[in-house]
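Data first, discussion second: the structure below is written as structure tokens.
All of the numbers you see were taken from the coordinates with simple rules; none came from a lab. What you see is a predicted model; the values in this text were computed from it and never measured. A quick note on method: Cβ atoms are made from the backbone with ideal geometry, for glycine too, and the neighbour counts reach across all protein chains shown.
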Amino acid sequence: MTKRDYSLLGPDAERAVEAGLTAAEWYHTDIPRKEMKELMKREDQPAIRDSFVLFGVMIVSAGIGIALWPSWWSAPFWLAYGVLYGSAMDSRWHECGHGTAFRTGWMNDVIYQIASFCMIRNPVEWRWSHARHHTDTVVVGRDPEIVAMRPPALFRIFLNFFGILDAYNGWKRMLFNAAGKIDPEEATFIPESELPKVIRIARIWTAIYAAAIFTAVATQSILPLMVIGLPRLYGAWHHVMTGILQHAGLAENVLDHRLNSRTVYMNPISRFIYWNMNFHVEHHMFAMVPYHRLPKLHAKIKHDLPEPSPSILAAYREVWPALKRQLRYEDYFVRRELPGTARPYREGLHVDLLGVPAE
Amino acid sequence: MTTWIDACANDDIEEEDLIRFDHEGRTFAIYRSPDDEYFCTDGLCTHEQVHLSDGLVMDYVIECPKHNGRFDYRTGEAIRAPVCVNLGTYPVKVEGGRVLIQV
């Protein structure tokens, strides 16, 4: 059984480079250029519509929550506000970070900044970390965004359903950066020219949180923190629930997103919150396609992909036993079978991995 | 000495699109703008050496297919992270229905 070191500065990082797993050529389903151009085409309208709905519901639910405070009748409105703040902002951060949600650049940038603040992810640092996630997806020692490492830290994942570790780490990193410091791991994927921006944004955020805390203390109420900060905890559950399904239990150190990513059919509300990232194999294979065209892309290439999980529950029925098994046997992973119409996995390239059976 | 190289026919490239052109071990991207002008840059993204020919042309911008970094293909200027280093650009002319680049 292989022990893994997920640190970006450890021996697995060196091994990944030696094995040619870094910045490598990944498998893509063939799509004629003309069709691909149609799929990649950008427009503002779908994301403007979704943003009006998102921020409209946030303002109304927070407004009612404040009006009913401190009655328990305010709870459902905080739950709605929280899930939009602590989970929908995760997908907005993601899509606008890619720059694909809107055609107009500044619109992507504005939503990206707001969403980064809500998720406590420094927008400069995380832009680069996510670029690395796309270059070296689930490559041990290279990908800084692996959620379910092996053996999986299940208690840690459980805590993150309430945002506890992510928020704590986000605030800790914010204060660290605000003090003018950069972590050595951050420095492996952020260009030096961008580092002053990391520090500047951390200082602005620290000032905003300080103002919210000051207001809470001055008014002897946690209400200001129910609007800013705490929703990152009480509203995180949805983005963790959907995010785990992206890669957990699947292969590591491969160059084919069909082996390390999972597409899951989801209900319309989850898809709105998640901005269609349930089509995750498709997103990784073609990161240029905006969220609102992922269903079309899925329809076009599904003949070449493993059968999607039919629901969130069904996906957890696959993931949960796999994570439990990885507690005892770290090399275990689920190999998702391809339909007869698909091009097979590159057995030669992945020979060691594909030799490990899944049950 | 620089020379003009015959790269392609002018209608090999759709409007607001690009193609890849390889020459003597180097790779280039040749663009046709929405205004029917032609431009040429290095063919690989300066971030992680991905071929730009699979990317998306929007007006005068080329977006890299891997990480969505953007360049102004008229000047090669890097205009959106994660790209920070500009692309090299090369003179282009169209003669007799052929696109020629000077490299």
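In table form, for the structure just shown:
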| quantity | calculated |
| --- | --- |
| For segment A:112-128, 3J(HN,Hα) per residue [Karplus equation, 6.51 cos²θ - 1.76 cosθ + 1.60, θ = phi - 60°, Hz, x = Gly/Pro] | 4, 5, 5, 5, 4, 4, 4, 8, 6, 10, 3, x, 7, 4, 6, 4, 6 |
| Label-point separation, A:Phe214 to A:Asp109 (7 Å along Cα→Cβ), nm | 2.8 |
| Residue order, fewest to most beta carbons within 10 Å, for A:Ile114, B:Ile13, A:Ile190, A:Ile213 | A:Ile213, A:Ile114, B:Ile13, A:Ile190 |
| Trypsin sites (Lys or Arg not before Pro) restricted to segment A:155-221 and DSSP loop, no more than 14 other C-beta within 10 Å | A:Lys181 |
| Backbone HN-Hα couplings from phi across segment A:52-67 [Karplus 6.51/-1.76/1.60, Hz, Gly and Pro as x] | 4, 5, 4, 6, x, 5, 4, 5, 5, 5, 5, x, 5, x, 5, 5 |
| Those aspartates and glutamates that a straight Cα-Cα span of less than 15 Å connects to A:Lys197, excepting residues fewer than 8 apart in one chain | A:Asp109, A:Glu125, A:Asp183, A:Glu186 |
| Shape of segment B:1-44, Cα gyration tensor, a/c cut at 1.5 | prolate |
| Average other protein chain Cβ within 10 Å of Cβ, residues B:52-59 | 3 |
| Cysteines without a disulfide-compatible neighbour (Cβ-Cβ under 4.7 Å), chain B | B:Cys8, B:Cys40, B:Cys84 |
| Per-selection Kirkwood Rh - segment A:197-328 (Cα, Å, 1 d.p.) | 17.5 |
| The protein assembly as shown: mean projected area of Cα convex hull, nm² | 24.2 |
| Alpha-carbon centroids, segment A:36-82 and segment A:190-214: separation in whole Å | 25 |
| Label point distance in nm, A:Gln45-B:Arg26, each placed 7 Å from Cα along Cα→Cβ | 4.4 |
| Sites A:Arg343 and A:Arg33 - FRET efficiency at Förster radius 22 Å, r taken between beta-carbons, to 0.05 | 0.75 |
| Hydrodynamic radius (Kirkwood) for segment A:17-132, which is based on Cα pairs only, to one decimal in Å | 16.7 |
| Neighbouring partner chain Cβ atoms per residue of A:113-121, average, 10 Å criterion | 0 |
| Largest to smallest principal axis extent of the C-alpha atoms in segment A:68-120, angstrom | 42, 15, 14 |
| Volume in Å³ per residue [convex hull over Cα atoms, computed for segment A:286-326] | 107 |
| Computed over segment A:204-268, Kirkwood Rh from alpha-carbon pairs, angstrom | 15.1 |
| 10 Å Cβ neighbours from other chains, averaged over peptide A:95-105 | 2 |
| ³J(HN,Hα) computed for each position of segment A:88-105 - Karplus, 6.51 cos²θ - 1.76 cosθ + 1.60, integer Hz, glycine/proline x | 4, 5, 5, 6, 5, 4, 5, 5, 6, x, 6, x, 9, 5, 10, 6, 7, x |
| Cα-based convex hull, segment A:256-303, per residue volume (Å³, whole number) | 71 |
| Residues of segment A:122-146 with amide N under 19 Å of the 7 Å Cα→Cβ point at B:His51 | A:135 |
